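Asker: Okay, handing you the structure first.
The values are calculated or read from the model by the stated rules, or taken from the named source; none is laboratory data. As the structure is a computational prediction, the values presented were derived from the model and not from experiment. Neighbour counts are summed over all protein chains in view; Cβ atoms, including those assigned to glycine, are modelled from backbone coordinates with ideal geometry.
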Amino acid sequence: MIESVSPRLGIKSSLPDHLQAFVTAYLIWKTNDNPAVIEYSEEFTDSEGLKKIKFKDTILTALDRFLRTNTKYDSKVFDNSPLLAAQIEHLQVGLLNCYKVAYTTHLDTSLSNSCERSGGNRYDKKLEYTSFIDLFDCFVEHSLNEYLELFILILNKDNFVSHKFFKQFSGFISFLVEQTKYRLADDTERDRLYKKFDGTIDFFKNGPSRILKPFTNNGLYDLYPNSTPLTAIELQNKKSRIDNLFNIFSVNYDDESRSEDEETDTKPNPTSSEIKGYNKIIYGAPGAGKSASIKKFIEKNTPEELRDKNYIRTVFHPETQYSDFIGCLKPHKDSSGNITYSFRKGPFIQILEKALLDKENHYFLIIEELNRANTAAVFGEIFQLLDRDDEGNSEYPILIQDEDLYDALMSVTGLAINEFISKRQLIIPSNLSIIATMNSSDQAVFPLDTAFKRRWIFEYLPIDFANCATGEVPIHHEDLPNVEWKTLAQAINTILGQLKVVEDKLIGPWFIKDSDLVGDQAEQTFIGKICSYLWDDALKYKNKDEIFRSGIHGYGELYQMYSDKKPIFSEKFMEILQTAQKLDTDGSDKIEK
């Protein structure tokens with residue numbers, strides 16, 4: 001449990017090497033399976049008899065394994081880390097008060113936070129991380145190797161300001177620092193420090209704000225007068241956005257003062273109270289029927305008059321971007337042929353609008369092939385909205401920073417008075433669910449990170465041939481020239497199972513459709529779709545002789561043999577297939593494994 005940390009600490013504590021502490025805390029988290037809490041140090045007694053701490057060997061080993069490919073990395077860089085050398089109060093001010101990413105505590109709970117102020121002793125510590133570390137991870141993950149270069153420069157106290165990603169990094173740091181509480185002499189607990197940055201005074205001579213000094217070195221806080229100058233409009237817009245952020249944090253969600261009979265926009269009616277939004281990923285073998293199962297589910301749980309109107313289906317691919325998913329300003333021709341610009345809404349915003357305008361009904365965003373795009377980049381700040389409360393609403397609203405998006409939402413009749421949109425806040429309401437599909441062992445272009453996956457419900461769709469494509473597949477064997485698709489697929493899965501092929505590389509009942517088995521199309525479907533999948537994917541690193549005849553040295557040779565109407569299956573496979581055919585003829589759908 002994180003105890004309260006007084007903002008007054010900012011008056012008397014600072015962390016000169018704050019960036020090294022921040023980067024090290026992130027790298028420890030990244031290299032240790034993204035923990036919520038980690039004990040990172042162990043005590044020892046130095047030559048002068050003082051208690052000191054050093055990183056655990058497991059921590060150093062994980063860091064070294066992660067960073068050693070970088071030519072500028074030296075494991076000695078962690079010897080004098082501020083996580084080992086700084087007082088615990090300094091770490092709390094830097095990592096929690098300013099950055100909000102982690103809370104530093106003693107392992108020995110009997111020790112006070114002030115015990116390291118004098119004497120030079122340092123004691124065993126642990127880091128308790130916040131969800132801001134997940135947000136930062138999403139921020140850097142799309143270009144992790146380049147950010148690691150920047151981090152190593154920071155750890156070495158090298159010239160990191162000239163790194164090409166420093167501007168983006170400092171912008172993220174500014175975002176975190178803007179939310180920090182301070183207490184001044186007049187006991188104002190949350191001072192809007194940026195309002196002092198008018199360029200006419202050295203605000204940092206004020207004792208209570210000296211904690212910001214190390215954050216403004218080299219322009220780390222982009223409103224500091226010595227940073228890159230902003231125009232008057234840019235400065236005012238920046239300050240207004242920070243004001244909006246503070247206003248969000250100041251919202252009082254205490255409902256105790258409301259009378260029981262008082263109606264509010266968020267009070268559920270008898271219909272909407274049964275709707276609870278969720279994020280679900282359905283995964284399984286190719287052709288298992290994931291998309292079809294989603295369609296059937298939505299149709300079953302949707303009023304007839306709303307069918308085909310309460311969902312949007314989109315497909316992710318390697319080129320999918322944030323602007324495709326959310327929307328962006330795009331040019332188009334008006335009726336006069338002139339080029340104008342307007343905000344084109346992506347599928348997320350389109351379905352979000354429908355859900356916000358109709359709280360009585362359940363809406364769905366369907367994302368096919370979720371893991372074929374860089375999800376962290378595509379979702380962007382929407383990632384924060386995936387955390388849902390007990391009612392299914394986004395637990396943490398985000399600020400609508402894109403002016404064009406905000407204008408587009410405000411122009412929709414009914415949204416301008418929405419309790420969140422009117423405050424420039426965005427949420428996923430409880431009547432909007434997101435359902436995605438993926439093949440977890442398919443050649444995914446981008447794997448999903450742990451922070452993203454833990455915000456979803458995972459549902460495995462098993463292979464079930466009770467409902468599948470119907471029709472015969474020509475296999476050109478003298479004893480069995482044609483075989484039912486279900487029989488063939490189940491026999492193939494039997495062999496794949498014996499070869500220990502992972503389950504989601506088995507063949508699903510809808511790997512092919514009914515239309516694939518009509519007339520001459522059946523032969524092309526068999527050799528071009530089924531056989532090529534087995535040869536190049538499912539059996540890529542397995543013994544192909546278990547299914548195909550021995551002596552076939554490539555898919556081209558296999559294709560030619562089949563085109564010449566020669567049998568291509570092994571004797572072992574044909575025995576299993578003929579047994580399966582006989583069982584099906586006798587009315588059994590089961591194959592003994």
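Asker: Against the condition buried (at least 20 other Cβ atoms within 10 Å of the Cβ), modelled with pLDDT of 90 or more, within 22 Å of Asn156 (Cβ to Cβ) and not small (Gly, Ala, Ser), how does Leu83 come out, does it pass?
Answerer: Numbers: buried (at least 20 other Cβ atoms within 10 Å of the Cβ): yes; modelled with pLDDT of 90 or more: yes; within 22 Å of Asn156 (Cβ to Cβ): yes; not small (Gly, Ala, Ser): yes.
Against the criterion (buried (at least 20 other Cβ atoms within 10 Å of the Cβ), modelled with pLDDT of 90 or more, within 22 Å of Asn156 (Cβ to Cβ) and not small (Gly, Ala, Ser)), Leu83 qualifies.
Asker: In segment 517-530, how many residues are in a helix (DSSP H, G or I) and more than 37 Å from the chain's Cα centre (by Cα)? Even if it seems obvious, please write down each step before you answer.
Answerer: Going through segment 517-530, the residues in a helix (DSSP H, G or I) turn out to be 517, 521-530.
If we keep only those that are more than 37 Å from the chain's Cα centre (by Cα) too, we end up with 517, 521-524, 526-527.
Residues that pass the stated criteria total 7.
Asker: Another question about this same structure. With the condition kept exactly as written, say whether any residue in segment 119-128 is surrounded by fewer than 22 Cβ atoms within 10 Å (Cβ to Cβ), on the phi > 0 side of the Ramachandran plot and not assigned by TED's automatic domain parsing to the domain that holds Asp449.
Answerer: yes
Asker: If you check Ile576, Ile492, which single one turns out to be surrounded by 19 or more Cβ atoms within 10 Å (Cβ to Cβ), at pLDDT 90 or above and part of a helix (DSSP H, G or I)?
Answerer: Ile492 is the lone residue from the list that is surrounded by 19 or more Cβ atoms within 10 Å (Cβ to Cβ), at pLDDT 90 or above and part of a helix (DSSP H, G or I).
Asker: Give just the number: which of (1) out of contact with any Asp or Glu (no Cβ under 6 Å at 6 or more places or on another chain); (2) free of Cβ contacts under 8 Å to residues at least 12 places away in the same chain does Asn482 not satisfy?
Answerer: (1)
Asker: Anything in segment 25-47 that is exposed (fewer than 13 other Cβ atoms within 10 Å of the Cβ) and in contact (Cβ under 8 Å) with a residue 24 or more places away in the chain? List them, or say none.
Answerer: Residues of segment 25-47 exposed (fewer than 13 other Cβ atoms within 10 Å of the Cβ): 33, 36-37, 44-47.
Once the filter is applied, which keeps residues that are exposed (fewer than 13 other Cβ atoms within 10 Å of the Cβ) and in contact (Cβ under 8 Å) with a residue 24 or more places away in the chain, segment 25-47 yields Asp33, Ala36, Val37.
Asker: Just to check your reading of the model, which residue among Ile326, Ile351, Ile339 is in contact with a Lys or Arg (Cβ under 9 Å, 6 or more places away or on another chain), of a type outside the set (Asp, Glu) and in contact (Cβ under 8 Å) with a residue 40 or more places away in the chain?
Answerer: On the way: Ile351 fails: in contact with a Lys or Arg (Cβ under 9 Å, 6 or more places away or on another chain); Ile339 fails: in contact (Cβ under 8 Å) with a residue 40 or more places away in the chain.
Sole residue among the options that is in contact with a Lys or Arg (Cβ under 9 Å, 6 or more places away or on another chain), of a type outside the set (Asp, Glu) and in contact (Cβ under 8 Å) with a residue 40 or more places away in the chain: Ile326.
Asker: In addition: With the requirement that a residue be under 36 Å from the mean Cα position of the chain (by Cα) and either within 30 Å of Asp390 (Cβ to Cβ) or among the polar types (S, T, N, Q) (or both), what does segment 463-489 give you? Reasoning before the result, please.
Answerer: Residues of segment 463-489 that are under 36 Å from the mean Cα position of the chain (by Cα), as a first pass: 463-469, 489.
The answer is Asn467, and nothing else.
Asker: Among residues belonging to segment 382-395 that are within 17 Å of the chain's Cα centre (by Cα) and without any contact (Cβ under 8 Å) to a residue 40 or more places away in the chain, point out the one that is surrounded by the fewest Cβ atoms within 10 Å (Cβ to Cβ). Please lay out each step first, then the result.
Answerer: Step one: list which residues in segment 382-395 are within 17 Å of the chain's Cα centre (by Cα), which gives 382-388, 394-395.
Right, trim to without any contact (Cβ under 8 Å) to a residue 40 or more places away in the chain and you get 394-395.
On the way: Ser394: 22, Glu395: 15.
Selected residue: Glu395.
Asker: Considering every residue within segment 51-73, establish whether at least one is at pLDDT below 90 and surrounded by 15 or more Cβ atoms within 10 Å (Cβ to Cβ).
Answerer: Yes, segment 51-73 has at least one match.
Asker: Okay, moving on. Name, by its number, the condition in (1) among the aliphatic types (A, V, I, L, M); (2) crowded, with 16+ Cβ neighbours inside 10 Å; (3) part of a loop (DSSP other than H, G, I, E, B) that does not hold for Ala436.
Answerer: Among (1) among the aliphatic types (A, V, I, L, M); (2) crowded, with 16+ Cβ neighbours inside 10 Å; (3) part of a loop (DSSP other than H, G, I, E, B), Ala436 violates only (3).
Asker: If you don't mind, there's one more thing I want to ask. Given the structure, is Ala62 among the aliphatic types (A, V, I, L, M) and within 20 Å of Ala36 (Cα to Cα)?
Answerer: Working: among the aliphatic types (A, V, I, L, M): yes; within 20 Å of Ala36 (Cα to Cα): yes.
Yes.
Asker: Please enumerate the residues belonging to segment 280-325 that are farther than 15 Å from Pro347 by Cβ and polar (S, T, N, Q).
Answerer: Ser291, Ser293, Asn301, Thr302
Asker: Residues in segment 410-425: is at least one in contact with a Ser or Thr (Cβ under 8 Å, 6 or more places away or on another chain) and crowded, with 17+ Cβ neighbours inside 10 Å?
Answerer: no
Asker: Here's another thing I want to ask about it. Just one of the numbered conditions (1) free of Cβ contacts under 8 Å to residues at least 24 places away in the same chain; (2) touching a helix residue (DSSP H, G or I) at 6+ places or on another chain (Cβ under 9 Å); (3) part of a helix (DSSP H, G or I) is not true of Asn97; which one?
Answerer: Only one criterion in (1) free of Cβ contacts under 8 Å to residues at least 24 places away in the same chain; (2) touching a helix residue (DSSP H, G or I) at 6+ places or on another chain (Cβ under 9 Å); (3) part of a helix (DSSP H, G or I) is unmet by Asn97, namely (1).
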